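Here is the structure we will look at.
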Amino acid sequence: MSSENAIPSLDGFVNEMKKYLEIYKNNISPDIIENEFQPRVAGREITWKERKDLIKQFTDLINQVEIGLNLIKSNSNVKEAFLKTNETFYNYYLNQGKPDSRWRLFQIAFFLSSIKSVVEKKDLDIVNVLHVDTGGGKSEAYFALVVFASFYERITGKEEGVSAIVKFPLRMLSIQQLERVSSIIIHAEEIRKKYNDIFKGSPFSLGYYVGSDDEFPDLYIKVRKNLYDETKNLKSSAPISKIISKCPLCPQDSKGNIRLIDDEKGKRIIHKCDKCGGEYYIYQSDREVFRWRPTVVVSTVDKWAGLSQQRRVRSLLGGNGSMCPKGHGFIPSGDKCEDKDEEYFECENIGENKKNHTEPILSIQDEMHLLREGFGTISAHFEGLIETIVEETSNHKLKHIAMSATLNGTKKQIEELYNKKYFVIPGRCPEGAGSPNDFFFEKKEGPKRIIYGLKPNLRDNHYASLRTLLHFAEFIIRSQKELNIDSNSFCSKYDIIGSSEAQELINQYLIPLTYHIKKQDAYDMGHLEDAVVGDRLKTHFNGSYVKGAVLTGDSSLDDLKKGIDRVREFVNNYDPKIVDKEGLIFEPIYATSVVSHGVDLNELNFMIFQGLPYSTSEYIQALSRVGRKNLGIVLLWFYPNRVRDDSFYRNFDRYHNSLDHEVRPIPINRSSRLGLQQTINSMFCAGIMNYLSNKNGRPIYLKSQVRELTSKDHEELVEFISKTYGKTGLDLNIHDEVEKRINQIINGNDKEKEFFPNILTKSGEPFFRNQSGMRGIQKQLVLELNPRDEAMLKQKEK
Ligand SMILES: [Zn+2]
Ligand SMILES: [Zn+2]
């Protein structure tokens, strides 16, 4: 759908929805009793009333979709942005050799019903929740909205700044998602350039605001140092990007590598293709992100705790300021361009106090169901903080979009997390999932996965997992040999049409995946693979062998990327004759929950669980690593002596039939006293550094600057903090909390130039410390040798 005829096809889409609505209505007889149960739907019991509610929800969805469609038809800017979004995705898929890609129905419904908020800033107190089974193109759905918002804002006058923030709950972002989102933004920028008479301003760009490790450090200079050798000369070949290594614009069969290039003038690292020369603006360090305010900011939830330590974060939320005349990017009002000692440059230019309308409109939360309990409460306060700052700089709220793997408890979770209402897209089919009348999803023939639950008798489930791996490998080798020798009898034995189909089938199961609850178990697979699996394969099957890779939370981004590339390459380069010659070397993956989020590979279809994961939602996530496109085969080895495993073993069928319902409702309490105590210091510091600094047009981060605050400032700060919490009648007196902290800062013996949050931390007062992430404040334990033992050790060394 790259051209104008995309619009008539949307009319057809809406009409089709309306037809289904009629079917849903007609299938309910007028004399049903609302509170009675209807016949079981997809193995579940629901009342007629619930079914009617689902029809109402479907009606609402049609209305929302129509509003979006009418905007496209009636507003030429919306239409332009929509067509260019379409063109972006068309090119994106075309480059991957998929010219026939089409939007899926739920993606269109989601997209159309969300654009009103971007265009008219309406319904910002409603969170759109996108809920589909994992593996179904939900990322593309929200990427499409992000690209639309970027185009729309450019055509309506915004020339730079952030359009969308995307948040992930985990430290480890999905490497595949990083690659996809980078590729899409690069394609979008190509389109923007092509039509730069209507989409003015700076190039579309992408920033990663995620962590503090080597890949994503705080300072530009830390990314830069990887580009130079010890003698401070540029390395002869620039390093290849770890985010996106192959150029998404080069043709598929001759792709250039994307390398990191130092842009000395802009004090930033840019991505550049070594073949077509395309330059892409993808930022990895915090400082570059603040200075270049990328169109899309991909972040972790935890990273936003930085609002209480770092006064430049407000640049991402529409804060006042101006561009450095020397071309270094954005400077917050009253601040210096760059003055950090370790930073590579010093620039004394000062940001002007100018309003610039560069705030984001979209805030997208991936895997929202993981924001629960303490993590959820603290995140809720920071959500309030982010939104209050955006409201302050822009006079509008954010449109929140959330992805959730479950709808169980979602209403309460949204209320607590965002203080907003919610709207589910596409919503459940009123006639049950898998019904022939399901508008959005088709029931596939046959099962998606076959899951076996097993309990080992005499050995532990670790040994059982290894044995399973062995037998699996033996089966694959034997099958391949049979197929090589006599394809006809192989095909008739397994009821397969022809030898190429048979080969394709084997190829789907070449890479086994094992899942472990404990990191150590994953490592142990690697240590024991020879003894249990490899040695036997070697002696019995022409020297076949096993060489697994371990992926855990310890794995770096690079390891994960390599792991993913290895799987693809293995299957692509697989030679069926190898089993007859020198033997097949299996490359299984031994993993922990790190693979559950975003390792999306159609090549993985056989999985072994060593024990049941601790939470049902994690189990669902992990399960959906296999069986994405092909039939997934799963063996779940329960722990023989754990109560929970035993209970699930006994109720195996029932448990699996109601998996989604088993996901526990998500307890979050936005206004719990302990939660408030945990974050009040962060809100206080962020309020001064990011809110008052912006309001007053100058940075406030030192003791002396806090001393200068007027009583009106104090009042405004109290008001600001109350607003971030979003509820009245809190179990905490914010006015007192503010005054206590201000007194602590200005009355102590600290130097006037001291960074004020440090004064609070040093005070030793409970709850006078900032959150460093969203996990709650814990007392830090310092483990070191005591001085006497240290002296003894020194003695011995001599
Ligand atoms: Zn290229
Ligand atoms: Zn500068």
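Only one of these conditions is not met by Thr514: (1) among the polar types (S, T, N, Q); (2) open to solvent by 30 Å² or more (accessible area, probe 1.4 Å); (3) within 17 Å of Leu470 (Cα to Cα). Which number is it?
(2)
Name the pairs whose Cβ atoms lie under 8 Å apart, with the first residue in the stretch 248-262 and more than 26 Å from Tyr228 (Cα to Cα), the second within 11 Å of ligand 1 (Cβ to nearest atom) and in a strand (DSSP E or B), and 6 or more positions between them or separate chains?
Leu249/Cys273; Cys250/Cys273
May I ask you to list the residues in the stretch 316-335 that are open to solvent by less than 10 Å² (accessible area, probe 1.4 Å) and more than 14 Å from ligand 2 (Cβ to nearest atom)?
Leu316, Leu317, Gly318, Gly319, Ser333, listed by residue number.
When the stretch 209-257 is examined, which residues are found to be open to solvent by 20 Å² or more (accessible area, probe 1.4 Å), within 16 Å of ligand 1 (Cβ to nearest atom) and within 20 Å of the chain's Cα centre (by Cα)?
Correct list: Ser245 only.
Residue check: is Gly548 open to solvent by 10 Å² or more (accessible area, probe 1.4 Å) and either at pLDDT below 90 or out of contact with any strand residue (DSSP E or B) (no Cβ under 8 Å at 6 or more places or on another chain) (or both)?
Values: open to solvent by 10 Å² or more (accessible area, probe 1.4 Å): yes; either at pLDDT below 90 or out of contact with any strand residue (DSSP E or B) (no Cβ under 8 Å at 6 or more places or on another chain) (or both): no.
No.
Exactly one of these conditions fails for Tyr701: (1) out of contact with any strand residue (DSSP E or B) (no Cβ under 7 Å at 6 or more places or on another chain); (2) open to solvent by 40 Å² or more (accessible area, probe 1.4 Å); (3) of a type in the set (Ser, Thr, Tyr). Give me its number.
(1)
Taking the stretch 743-769 as the search range and keeping residues that are aromatic (Phe, Trp, Tyr) and outside any helix (DSSP H, G or I), which one is most open to solvent (accessible area, probe 1.4 Å)? Quick ask: steps written out before the conclusion?
Here is the first cut: in the stretch 743-769, the residues aromatic (Phe, Trp, Tyr) are 755-756, 767-768.
Narrowing the set further to residues that are outside any helix (DSSP H, G or I) leaves 755, 767-768.
Numbers: Phe755: 45, Phe767: 68, Phe768: 8 Å².
That would be Phe767.
For the stretch 121-150, which residues satisfy the criterion of being modelled with pLDDT of 95 or more, open to solvent by 10 Å² or more (accessible area, probe 1.4 Å) and touching a Leu at 6+ places or on another chain (Cβ under 8 Å)?
The answer is Leu124, and nothing else.
For Cys347, work out the one condition from (1) near ligand 2 (Cβ under 10 Å from one of its atoms); (2) modelled with pLDDT under 95; (3) touching a helix residue (DSSP H, G or I) at 6+ places or on another chain (Cβ under 6 Å) it doesn't fulfil.
(3)
State yes or no: is Lys194 more than 28 Å from the chain's Cα centre (by Cα), assigned by TED's automatic domain parsing to the domain that holds Phe89 and modelled with pLDDT of 90 or more?
Details: more than 28 Å from the chain's Cα centre (by Cα): yes; assigned by TED's automatic domain parsing to the domain that holds Phe89: yes; modelled with pLDDT of 90 or more: yes.
Yes: the conditions hold for Lys194.
Filter the stretch 273-315 down to the residues that are under 26 Å from Ile350 (Cα atoms) and within 16 Å of ligand 1 (Cβ to nearest atom), then identify the one that is least open to solvent (accessible area, probe 1.4 Å).
Within the stretch 273-315, the match that is least open to solvent (accessible area, probe 1.4 Å) is Ile282.
Within the stretch 258-272, take every residue that is at pLDDT 95 or above and open to solvent by 40 Å² or more (accessible area, probe 1.4 Å) and give me the one that is farthest from ligand 2 (Cβ to nearest atom).
Once the filter is applied, the top-ranked residue is Arg259.
The values are calculated or read from the model by the stated rules, or taken from the named source; none is laboratory data. Every value quoted in this text rests on a predicted model; they were computed, and no experiment measured them. A quick note on method: Cβ atoms are made from the backbone with ideal geometry, for glycine too, and the neighbour counts reach across all protein chains shown. Only protein heavy atoms, including side chains, enter the accessible area calculation; ligands, DNA and RNA are left aside. Shrake-Rupley method; radii C 1.70, N 1.55, O 1.52, S 1.80 Å.
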